[in-house]
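Following: one structure in structure tokens, then a few remarks.
The values are calculated or read from the model by the stated rules, or taken from the named source; none is laboratory data. Values in this document were obtained by computation on a predicted structure and should not be read as measured data. Every residue, glycine among them, receives a Cβ derived from its backbone with ideal geometry; neighbour counts consider all protein chains shown. Quick note on the areas: whole protein, heavy atoms, side chains included, nothing else; ligands and nucleic acids left out. Shrake-Rupley method; radii C 1.70, N 1.55, O 1.52, S 1.80 Å.
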Amino acid sequence: MTFPRTLVRGSFRLAGLIASILLPVAASAQQAQPLEARFLLGVGTHQGLGGPVSARGYVPTENVAQIKQLGFNAFRDDFPWSDFEVGGRRMGFTPRLGRLEAQVKSGVARPLLILAFGHHLVPNSSPPTTDEARQRFADYAAAAAQSVLPQHPIFELWNEWNLAAKKDAAFSPENYLALAHVARPAVKRVAPNAPFLVGALGDDPGWTWTEKMLRTGILQYADGASIHLYNFCMGPSKRTSAEIIDRLTAFHRLVGQASGNPDFPIYVTETGWTTATNKCGVSEQAQADNTAQLILWASTARWLKGMWLYELKDSGKNPSELEDNFGLYRFDNSPKPVACAAQGAWAFIRSSLSAERRELASGVVSINASTTAGGRIAVWSEAPDRRYEIRLKGDQQGTSFAMPCDPTAKSASGVWIPVSSTPVLIAANDSAVPALEIRPAR
């Protein structure tokens with residue numbers, strides 16, 4: 001978990017009371033892959049920590065059913081070295097990793113597994129700082145990769161190494177580079193097609209640690225760079241998807257410059273909002289709206305290869321505890337509004353072949369997407385106190401609208417539709433994105 005800084009918003013605002021959008025399907029889009037084939041939308045789970053019975057309330061059968069219900073295609077979990085390698089250098093799933101093994105082997109979604117944490121039997125291993133400790137870690141990484149090969153895994157090197165560096169100088173960029181240098185080839189020997197991610201960066205004000213890491217040349221040992229983005233303890237006006245998007249875009253620029261590849265793959269392996277009843281929490285509706293907005297926007301960033309919401313279910317029952325209240329589901333497994341918001345936004349956008357962000361008016365965002373089933377447009381206001389209405393321009397028969405949690409869609413023909421922070425999802429049955437007009441709410 002992280003406490004990110006505030007960045008100044010730099011997006012250009014296009015003011016105007018009337019705007020219309022028309023985005024025909026590009027010819028090339030006919031051959032494009034749908035979003036769900038090139039982008040991973042996942043959720044963080046906690047099966048790999050805590051032994052056979054989870055104090056956080058994670059139970060594989062229930063959690064697999066929740067992931068299925070959401071329709072997500074990935075999950076992220078811990079794969080602790082000390083629980084995978086036992087005495088005598090024997091490697092494999094142990095009873096302590098039984099919950100993780102059950103979820104991975106259920107085939108419910110693609111696993112992103114964190115290769116991390118020291119080993120109590122290996123000196124200098126937390127973090128690995130000697131050649132021997134690094135080689136032992138590489139041996140574990142290779143065996144771990146082998147054990148989940150049929151599930152098409154992705155691997156991430158450690159978790160928030162940069163935050164540990166605040167207390168322990170051994171967590172240096174140079175030691176992280178040295179670990180990647182031995183771990184990635186070991187994984188690739190047994191799982192050549194498994195993406196290997198570096199970074200797993202927690203909060204890094206001013207990108208100071210990030211830039212040090214990138215200067216080591218670590219991206220030559222990576223198939224992607226990963227980051228964790230949170231803003232729940234910023235000022236209330238900054239606890240938005242827009243702030244996350246701005247900071248992610250800045251990170252993408254840094255990685256592009258360091259790698260020489262403007263499309264170097266980026267993975268957001270943790271992001272989300274806590275609904276704790278303290279000074280850092282947001283309302284359940286704000287959690288739902290922010291999450292839906294972020295999923296819809298993600299369809300426009302071709303360099304973004306995956307995003308994992310933190311986390312699947314609340315990890316505790318204390319309403320004022322930050323860490324207990326990030327879930328899409330509550331501790332008792334009942335859904336929060338964010339569950340249907342995420343499910344609905346993903347169902348709406350997952351088949352998109354191409355998508356583009358526009359602004360209809362100051363602070364009013366539209367995501368214009370083409371799909372094989374017809375044009376799609378999602379609209380929301382980034383400022384909850386600024387209210388607008390939209391209407392289809394002309395008579396577009398068969399066009400409907402809904403909010404992410406609505407069970408059924410309504411006809412959009414001839415009606416003014418209120419725009420708020422909850423995205424409006426408009427679907428046409430022809431190839432063009434619907435043309436809209438907009439006005440301040442009356």
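Taking only C-alpha pairs under 8 Å that are 6+ residues apart, what is the relative contact order of the chain in percent?
Numbers: 1001 pairs, mean separation 80.4, N = 442.
Relative contact order comes out at 18 percent.
R0 = 25 Å: FRET efficiency of V415 with E284, Cβ-based, nearest 0.05? The partial results should precede the final answer.
On the way: r = 28 Å, r/R0 = 1.12.
According to the calculation, E is roughly 0.35.
Which angle from 0 to 90°, rounded to the nearest 10, does the C-alpha axis of helix 284-298 make with the longest principal axis of the chain?
90
Please compute the alpha carbon radius of gyration of segment 296-413, then divide it by the globular-protein estimate 2.2 N^0.38 Å. Two decimals is fine. Kindly include the intermediate steps, with their values, before the conclusion.
Working: Rg = 16.8 Å, N = 118, 2.2 N^0.38 = 13.5 Å.
Taking N as the residue count of segment 296-413, the ratio is 1.24.
Rounded, prolate or oblate, given the Cα gyration tensor of segment 168-209, with a/c below 1.5 counting as rounded? Don't skip to the answer; put the middle values down first.
Details: a/c = 3.95, a/b = 1.87, b/c = 2.12.
It comes out oblate by the Cα gyration axes.
Considering only protein heavy atoms and a probe of 1.4 Å, how much of the accessible area of segment 321-442 is carbon and sulfur, as a whole percent? The partial results should precede the final answer.
On the way: 2320 of 4630 Å².
Answer for segment 321-442 is 50 percent, counting heavy atoms of protein chains only.
Provide K279, K336, K167 ordered by accessible surface of protein heavy atoms (probe 1.4 Å), highest first. Don't jump to the answer; show the numbers that get you there.
Values: K279 170, K336 5, K167 195 Å².
Per-residue accessible area, sorted high to low, gives K167, K279, K336.
Report relative contact order for segment 303-442 in percent, whole number only (criteria: Cα-Cα under 8 Å, sequence separation at least 6). Before the final figure, lay out each step's value.
Working: 287 pairs, mean separation 28.3, N = 140.
Taking the mean separation of contacting Cα pairs over the length of segment 303-442, I get 20 percent.
Can you tell me the 0 to 90 degree angle between the C-alpha axis of helix 131-147 and the longest principal axis of the chain, rounded to 10?
Long axis of 131-147 versus the principal axis of the chain: about 60 degrees.
Dimensions of the chain along principal axes (Cα, Å, largest first)?
Sorted from largest, the Cα extents of the chain read 73, 46, 45 Å.
Sort 225-231, 143-149, 397-403 by the packing proxy (mean of other Cβ within 10 Å over each peptide's residues), most packed first. Mind showing how you got there, number by number?
Numbers: 225-231: 25.6, 143-149: 19.3, 397-403: 16.6.
Final packing ranking: 225-231, 143-149, 397-403.
Given axes a ≥ b ≥ c from the Cα gyration tensor, I'd like to know whether segment 93-150 is rounded (a/c under 1.5), prolate (a/b larger than b/c) or oblate.
Working: a/c = 2.80, a/b = 2.13, b/c = 1.31.
The shape class here is prolate.
Sorted from largest down, give the three principal axis spans of the alpha carbons of segment 104-245, whole angstrom values.
46, 38, 29
Just to be sure I understand the curve: with the Debye formula and one point per C-alpha of segment 176-256, what is log10 I(q)/I(0) at q = 0.27 Å⁻¹?
Debye curve over Cα of segment 176-256, log10 I(q)/I(0) at q = 0.27 Å⁻¹: -1.32.
Between segment 296-351 and segment 364-442, what's the alpha-carbon centroid distance in Å?
Using only Cα atoms, the two centres lie 23 Å from each other.
At a Förster distance of 41 Å, what's the computed FRET efficiency of V53 paired with Q220, Cβ-Cβ distance as r, to 0.05? Walk me through the intermediate numbers first.
Details: r = 42 Å, r/R0 = 1.02.
In this case the efficiency is close to 0.45.
Could you order Y58, Y221 by accessible surface area, starting with the largest, using a probe radius of 1.4 Å? Walk me through the numbers on the way to the answer.
Numbers: Y58 5, Y221 50 Å².
From most accessible down to least: Y221, Y58.
Set the Förster distance to 45 Å, then compute FRET efficiency between D131 and A102 from the Cβ-Cβ distance, nearest 0.05.
Working: r = 36 Å, r/R0 = 0.79.
The formula returns an efficiency of 0.80 here.
Rounded to the nearest 500 deg cm²/dmol, what is the calculated helix-only ellipticity per residue at 222 nm for the chain, with -39500 (n - 2.57) per DSSP H run of length n ≥ 4? Walk me through the numbers before you get to the answer.
Numbers: 11 runs with 121 residues, N = 442.
It comes out at -8500 deg cm²/dmol, rounded to the nearest 500.
Return, ordered by residue number, the residues of segment 138-171 whose backbone nitrogen is under 18 Å from a label point located 7 Å along Cα→Cβ of K212.
Hits in segment 138-171 for K212 at 18 Å: 158-171.
Can you tell me the relative contact order of segment 288-352? Whole percent, Cα pairs under 8 Å, sequence separation 6 or more. Display every interim value, and only then the final one.
Working: 78 pairs, mean separation 24.8, N = 65.
Averaging sequence separation for qualifying contacts and normalising by length gives 38 percent for segment 288-352.
Let me make sure I get this right: for segment 214-261, a, b and c are the square roots of the gyration tensor eigenvalues over alpha carbons, sorted descending. Under 1.5 in a/c it's rounded, otherwise prolate if a/b > b/c, else oblate. Which is it? Can you show the working numbers first?
Values: a/c = 3.39, a/b = 2.64, b/c = 1.28.
Since a/c reaches 1.5 and a/b is larger than b/c, the shape of segment 214-261 is classed as prolate.
How large is the accessible surface per residue of the chain, computed with a 1.4 Å probe and reported in Å² as a whole number?
Numbers: 17080 Å² over 442 residues.
Value for the chain: 39 Å² per residue.
Among T372, T45, G57, flag the residue with its Cα farthest along the positive direction of the charge dipole of the chain, charges on Cβ as +1 for Lys/Arg and -1 for Asp/Glu.
So the residue furthest toward the plus end is T372.
Could you tell me how many degrees, from 0 to 90 and to the nearest 10, lie between the Cα long axis of helix 337-349 and the main elongation axis, the longest principal axis, of the Cα atoms of the chain?
70
Just the ratio, please: alpha-carbon radius of gyration of segment 232-361 over 2.2 N^0.38 Å, N its number of residues.
On the way: Rg = 15.6 Å, N = 130, 2.2 N^0.38 = 14.0 Å.
Normalised Cα radius of gyration, segment 232-361: 1.11.
Using only the Cα atoms of segment 362-442, construct the convex hull and provide its projected area averaged over every direction, in square nanometres to one decimal. Mind showing how you got there, number by number?
Numbers: hull surface 20.4 nm².
Hull-based average projected area comes out at 5.1 nm².
Filter the cross-link list K279/K336; K238/K336; K166/K305; K68/K313; K305/K393; K105/K313 down to pairs whose alpha-carbon distance in this structure exceeds 24 Å. Intermediate values should be presented prior to the final figure.
On the way: K279/K336 20 Å; K238/K336 22 Å; K166/K305 29 Å; K68/K313 14 Å; K305/K393 34 Å; K105/K313 20 Å.
Violating the 24 Å Cα-Cα cut-off are K166/K305; K305/K393.
Given 0.36 nm per residue, what is the gain on full extension from E36 to W303 after removing their alpha carbon distance, in nm? Don't skip to the end; give the middle numbers.
Details: separation 267, 0.36 × 267 = 96.12 nm, distance 1.42 nm.
Full-extension gain reported as 94.7 nm.
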